[in-house]
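Asker: Structure provided below as C-alpha cells; questions to follow.
What follows draws every value from the coordinates through simple rules; no lab data is involved. It should be emphasised that the depicted structure is a prediction, and the values quoted were computed from it without experimental measurement.
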Amino acid sequence: MRRRRKALPLLLTELALSSWETIAHRSAMMASGACSDREYRRMVEEKMRAARQSAAALVSGATGAALMTRALRPWHAGATRNARRLRKRKSVAVRPARPR
C-alpha cells in the first residue's frame with residue numbers, strides 16, 4: 001500500500017521539527033565525543049544525496065507547491081529518518097555524571 005503524500009505545510013513543519021531534533025542529538029554527541037566517524041560520514045552523504053534528489057526534482061517540470069514538495073521530500077525523508085534513529089539511541093546529553 002502506498003502512503004499518501006503530505007501537504008506542503010505539514011511537510012515543512014515535520015522537516016523543521018525533525019531537523020531540530022537531529023541537530024540537538026548530533027550536537028550532544030559531538031560535544032561529548034561520542035560521535036563516530038560513521039556518523040560524520042553519514043551526515044555528509046545524506047546531504048549530498050538529498051541535494052542530488054532535489055536538483056532532479058527542480059528539473060522535473062513541476063511548478064508551484066508540487067515543485068516545492070518534490071524538492072523538499074528528500075530532505076524531509078532524511079531528517080525524519082535520522083530523528084527516529086537517534087531517538088532510539090541512549091542520549092549522551094542526559095546521562096548523569098558518575099561520582100568519583
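Asker: For the chain, what does -39500 (n - 2.57) per DSSP helix run (n ≥ 4), summed and divided by total residues, give at 222 nm, in deg cm²/dmol to the nearest 500? It would help to have the intermediate numbers written out before the result.
Answerer: Numbers: 3 runs with 72 residues, N = 100.
One gets -25500 deg cm²/dmol as the mean residue ellipticity at 222 nm.
Asker: Could you give me D for the stretch 8-86, from Stokes-Einstein at 10 °C and 1.306 mPa s, where the hydrodynamic radius is the Kirkwood radius over C-alpha pairs? Units µm² s⁻¹, please.
Answerer: On the way: Rh = 13.4 Å.
This corresponds to a translational diffusion coefficient of 119 µm²/s.
Asker: Report, to the nearest 10°, how far helix 64-88 tilts away from the longest principal axis of the Cα atoms in the chain, using its own Cα long axis and a range of 0 to 90°.
Answerer: That works out to roughly 20 degrees.
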